[in-house]
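This report concerns only the one structure given below.
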Amino acid sequence: SEYGVETLHGPAYGPSSHSAAASSAPSSSSAFRHVVPSRQIVERQPRMLDFRVEYRDRNVDVVLEDSSAVGDIKHILENELQIPASKMLLKGWKTGDVDDSTVLKSLHLPKNNSLYVLTPDLPPPSSSHSGALQESLNQNFMLIVTHREVQREYNLNFSGSSTIQEVKRNVYDLTSIPVRHQLWEGWPSSATDDSMTLAVSGLTFPCHRLTVGRRSSPVQTREQSEEQCTDVHMVSDSDGDDFEDATEFGVDDGEMFGVASSALRKSPMMPENAENEGDALLQFTAEFSSRYGDCHPVYFIGSLEAAFQEAFYGKARDRKLLAIYLHHDESVLTNVFCSQMLCAESIVSYLSQNFITWAWDMTKEANRARFLTMCTRHFGSVVAQTIRTQKTDQFPLFLIIMGKRSSNEVLNVIQGNTTVDELMMRLMAAMEIFSAQQQEDIKDEDEREARENVKREQDEAYRISLEADRAKREAQEREMAEQFRLEQIRKEQEEEREAIRLSLEQSLPPEPKEESTESVSKLRIRTPSGEFFERRFLASSKLQVVFDFVASKGYPWEEYKLLGTFPRRDVTQLDPNKSLLEVKLYPQETLFLEAKE
C-alpha cells in the first residue's frame with residue numbers, strides 16, 4: 001500500500017490482536033535484550049514486559065525491563081527487521097505522546113502488549129511472484145474514469161481482487177451506460193478477459209486512467225469493429241449477442257447476468273420518515289449485514305442523543321470517540337468503502353475498542369433532512385452546511401466526533417474515496433488527539449473527586465458532630481423529662497401523704513386532759529431524727545389510735561415500725577384493736593420509730 005504497511009490477516013489492532021496475529025502470521029521471530037538501567041535499584045526486582053510487534057507479514061516478540069526506553073525496542077527491531085530505527089513509526093500505545101526517550105515504566109503498561117510498525121517512507125519490499133501477486137490482490141487501485149459524453153471524471157477505489165467485469169458494472173450504476181454498450185479506452189493490452197482481476201490485468205499502480213463512452217450504434221461493420229478494437233477494450237464475451245435483445249423479454253439493461261442496478265436490487269438501508277431512530281438503526285444493521293456480511297462495526301442502536309450520552313457523559317476513563325457513518329446508496333463508492341474498508345477486520349477491531357459507532361442513511365431526502373436538522377442542533381450550522389454541500393459521489397462519509405465540556409467537536413470528516421491504511425491512520429490520529437484530551441479530563445476528574453471526597457468527609461464529620469449533639473441534647477431532654485416526671489410523682493405522693501395525714505389528724509379523738517377522771521396513758525415517741533413528741537391517750541383507746549397519731553406526724557405504720565423499750569418489742573405487730581391497757585402501754589411508755597427494711 002502507499003503507506004508501506006501490508007494488510008495483516010486477522011485483527012491488527014485491538015485486544016485480541018496478540019493471539020490472532022500469532023496464529024495467522026506466516027513467520028515469527030523472537031528477540032530478548034537485557035537492558036541495564038542507568039541506576040541499579042537493589043530493593044526492587046525489575047519488571048519484565050512482553051511486546052508482540054507486527055510488521056507486514058512478520059511478528060517479532062520483544063522482552064524488556066520496564067526501566068528501558070521506547071528507543072530500545074526500535075533498536076531490537078532494527079536488527080530483526082533490517083529496517084533503520086529512524087524510519088520506524090511504532091504505534092499501538094494506549095497513552096498519548098510517546099517518543100524514543102519515553103521510559104516504559106512511566107506508561108504503566110500491562111505484562112503483555114501488542115504494537116505494530118509503520119514505514120511510510122519505505123516502498124513495499126520485493127518478493128517472490130506468489131508473494132507479489134498476493135500483495136497486489138490486497139492493494140487498492142485508484143481508477144480515474146472519464147465519462148466521454150458529459151466530460152465528467154470519477155475517482156473510483158477497487159481492490160486488486162476485483163474483476164474488470166465488476167468495474168464495468170459499477171460504472172453502469174454511475175453512468176447508466178449498460179455494460180454491453182460501454183466503449184472503453186485505456187485498458188492494458190494484457191486485459192483480454194473481463195473475468196481477470198485488476199491485480200493481474202496490468203493496470204498502473206496506484207492510479208490508472210480510463211475513458212468510457214456509449215456505443216453510437218449497436219450495428220457496426222466488421223471493419224469498423226476491427227479498427228476500433230485497436231485502441232478500445234470492448235465488453236466481455238459474457239455480454240455478447242445472446243443477450244443483445246434482452247430488453248425485448250422485459251429485462252433491464254442493468255440486469256444482465258442477474259445483476260440489477262443498485263436502486264432495483266437493494267432494499268433500503270433505512271425506512272423513510274422513521275419515527276423511532278432505534279428501530280431505523282435496527283433495520284440499518286440488519287440490511288448492512290445482509291449486504292456486506294457479519295464482520296462490520298457494531299452500530300449503536302438508539303438516538304444520536306443516546307449515542308452522545310454513551311460516548312461522552314460517563315467517567316473520563318470510560319469515554320470514547322463517536323464515529324458517525326453516513327451511508328448513501330446512490331454513490332458508486334459505497335460498495336467498495338463498506339466491503340473493503342469499513343468491514344476490514346483491523347478497522348472493525350479498532351472501532352470496537354475505541355469508538356461508539358452510530359450510522360444514518362442519507363439516500364432518502366426525508367432522512368437526509370432529518371440528519372441535517374440533528375447536525376445543526378448538535379454541531380452547529382457550519383458542520384451541517386459542510387455535509388449539505390457534499391456531492392453524492394463523495395459519500396459515504398465518516399465523521400469523528402469528540403465530546404468537550406461546552407460543545408461537541410468534529411475532529412475529522414473522512415470521505416469514501418480512501419484506503420484502509422489511510423482510514424486507519426486518520427482514526428489513529430483522531431485517537432491521539434482524544435487521548436491527550438482524555439488524560440486532561442481524567443486529571444481534572446480525579447482532582448475534582450479528591451475535592452469532593454474531602455468535602456464529603458468534612459460533611460460527614462459535621463453530620464456526625466450534629467448527630468452527637470442532637471443525641472446528647474435528646475438525652476438531656478429525656479433526663480430532664482424523667483426528673484420532671486419523678487418530681488411530679490413525688491409531689492403527688494407527698495400531696496397524697498399530706499392529705500392522708502390531715503385526714504388522720506382530723507380523725508383522732510381529742511387529747512384527754514391531765515386532770516381527767518378516766519385512766520390516761522402518756523406516751524413519749526422518739527423519731528428517727530432524734531426528736532420527741534408526746535401525747536396523752538385514754539387507756540381504753542385502741543392501739544390503732546396510736547398508729548394514726550404517729551401517721552399524722554408523717555410516719556405511716558406501713559413504712560415505719562413502733563418499738564417498745566423494756567421489754568424490746570415491735571408494737572406494730574400487736575393487734576391494733578386491743579386497748580392500750582391490754583397491750584401494757586399504760587400508764588406511760590417511751591416508744592421509738594424505726595424505718596422498715
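Taking all protein chains in place and a 1.4 Å probe, what share, in percent, of the accessible surface of segment 303-444 do carbon and sulfur account for? Show your work: numbers first, answer last.
Numbers: 2590 of 5460 Å².
Whole-percent figure for carbon plus sulfur exposure: 47.
Applying the Karplus parametrisation 6.51 cos²θ - 1.76 cosθ + 1.60 with θ = phi - 60° to the phi angles of segment 431-443, what ³J(HN,Hα) value in whole Hz is obtained for each residue in order, glycine and proline being reported as x?
So the J values, rounded to whole Hz, are 5, 5, 4, 5, 4, 4, 5, 5, 4, 5, 5, 5, 4.
Any idea of the accessible area per residue across segment 48-118, 1.4 Å probe, to the nearest Å²? Write out the running numbers ahead of the final one.
Details: 2970 Å² over 71 residues.
I get 42 Å² per residue for this part.
Under a 5 Å amide H to amide H cut-off, with H placed in plane at 1.01 Å, what residues pair with V520 once short-range neighbours are removed?
A539
Compare the peptides 141-153, 316-328, 427-439 by average per-residue count of other Cβ atoms within 10 angstrom and give them in order, highest first.
On the way: 141-153: 14.8, 316-328: 20.5, 427-439: 17.5.
My ranking of the peptides, most packed first, is 316-328, 427-439, 141-153.
Between Q488 and D446, what is the label-to-label distance in nm when each label sits 7 Å out along the Cα-to-Cβ direction?
6.3
Probe radius 1.4 Å, ligands and nucleic acids ignored: give me the carbon and sulfur share of the accessible area of segment 494-534 as a rounded percent. Intermediate values should be presented prior to the final figure.
Working: 1400 of 3140 Å².
Using a 1.4 Å probe with all protein chains present, segment 494-534 comes out at 45 percent carbon and sulfur.
When DSSP beta bridges are limited to those with both residues in segment 520-595, what percentage is antiparallel, rounded to the nearest 5?
75
How large is the accessible surface per residue of segment 133-214, computed with a 1.4 Å probe and reported in Å² as a whole number? The partial results should precede the final answer.
Numbers: 3280 Å² over 82 residues.
Per-residue accessible area for segment 133-214 comes out at 40 Å².
Under a 5 Å amide H to amide H cut-off, with H placed in plane at 1.01 Å, what residues pair with L562 once short-range neighbours are removed?
Those qualifying (amide H under 5 Å, at least 5 residues apart or on another chain) are V571, T572.
When ranked by the protection proxy of mean other Cβ atoms within 10 Å per residue, highest first, what sequence do the peptides 465-471, 105-111, 64-70 form? List each step's numbers first, then the result.
Details: 465-471: 10.0, 105-111: 12.1, 64-70: 19.3.
Taking the mean over residues of other Cβ atoms within 10 Å, the ranking is 64-70, 105-111, 465-471.
For the ranges 450-463, 337-350, what's the packing order if you count other beta-carbon atoms within 10 Å of each residue, average per peptide, and put the highest first? Please list the in-between numbers first.
Values: 450-463: 10.2, 337-350: 20.9.
Output ranking for 450-463, 337-350: 337-350, 450-463.
Excluding residues on the same chain fewer than 8 positions from K320, give the aspartates and glutamates whose Cα lies under 19 Å from its Cα.
D97, E305, E310, E409, E432, E440, D441, D444, E445, D446
By how many nm would the segment from S540 to N412 lengthen if fully extended, with 0.36 nm per residue of separation less the alpha-carbon distance?
Working: separation 128, 0.36 × 128 = 46.08 nm, distance 12.55 nm.
Contour length minus Cα-Cα distance gives 33.5 nm.
Can you compute the radius of gyration and Dmax for segment 372-527, using only the Cα atoms, both in Å?
Every Cα atom of segment 372-527 included, Rg and Dmax give 47.1, 147 Å.
Carbon and sulfur together cover what percent of the accessible area of segment 133-214 at a 1.4 Å probe radius?
Details: 1590 of 3280 Å².
Of all accessible area on segment 133-214, carbon and sulfur atoms account for 48 percent.
Each residue of segment 319-329 in order: what ³J(HN,Hα) in whole Hz does its phi give by Karplus 6.51 cos²θ - 1.76 cosθ + 1.60, θ = phi - 60°, with x for Gly and Pro?
Couplings: 6, 9, 6, 10, 9, 10, 9, 9, 8, 8, 5 Hz.
Taking the alpha carbon gyration tensor of segment 48-118, what are the square roots of 5 times its eigenvalues, largest first, to the nearest whole Å?
Working: eigenvalues 63, 33, 26 Å².
So the three semi-axes of segment 48-118 are 18, 13, 12 Å.
Between beta-carbons, use under 14 Å as the cut-off and find the net charge around D294, counting Lys and Arg +1, Asp and Glu -1.
Neighbour charge sum, excluding D294 itself: -1.
How much net charge surrounds A384 when only other residues with a Cβ under 13 Å from its Cβ are counted (Lys, Arg +1; Asp, Glu -1)? Don't skip to the end; give the middle numbers.
Values: positive: R368, R370, R377, R388; negative: none.
That works out to +4.
Show me, bin by bin at 10 Å from 0, the whole-percent P(r) of segment 383-447 based on Cα pairs.
Percent of pairs per bin, in order: 18, 41, 28, 11, 2.
Please give every one of the lysines within straight-line cross-link reach of K105, meaning a C-alpha to C-alpha distance under 20 Å, and leave out same-chain neighbours fewer than 8 residues apart.
The reachable lysines, counting only those whose Cα sits under 20 Å from K105, are K74, K91, K94, K443.
Using only the C-alpha atoms of segment 133-214, find the volume of their convex hull and express it per residue in Å³.
Values: hull volume 6.3 nm³, N = 82.
Convex hull volume per residue, Cα atoms: 77 Å³.
So what's the net charge close to R478: Lys and Arg +1, Asp and Glu -1, counting the other residues with Cβ under 13 Å from its Cβ? Before the final figure, lay out the partial values.
Working: positive: R470, K472, R473, R485; negative: E474, E477, E479, E482.
So the environment of R478 carries a net charge of 0.
Binning at 10 Å from 0, report for segment 520-595 what percent of all alpha-carbon pair distances ends up in each bin.
For segment 520-595, the binned pair fractions read 20, 63, 17, 0 percent.
So what's segment 292-442 giving for Rg/Rh, alpha carbon basis, Kirkwood Rh from the mean inverse pair distance? The partial results should precede the final answer.
Details: Rg = 14.7 Å, Rh = 15.7 Å.
We get a ratio of 0.94 for segment 292-442.
The values are calculated or read from the model by the stated rules, or taken from the named source; none is laboratory data. Keep in mind it's a predicted model, so treat the numbers as computed, not measured. Positions of Cβ are generated from backbone atoms using ideal geometry, with glycine treated the same way; all protein chains shown enter the neighbour counts. Protein only, heavy atoms only, side chains kept; ligands, DNA and RNA dropped before computing areas. Shrake-Rupley method; radii C 1.70, N 1.55, O 1.52, S 1.80 Å.
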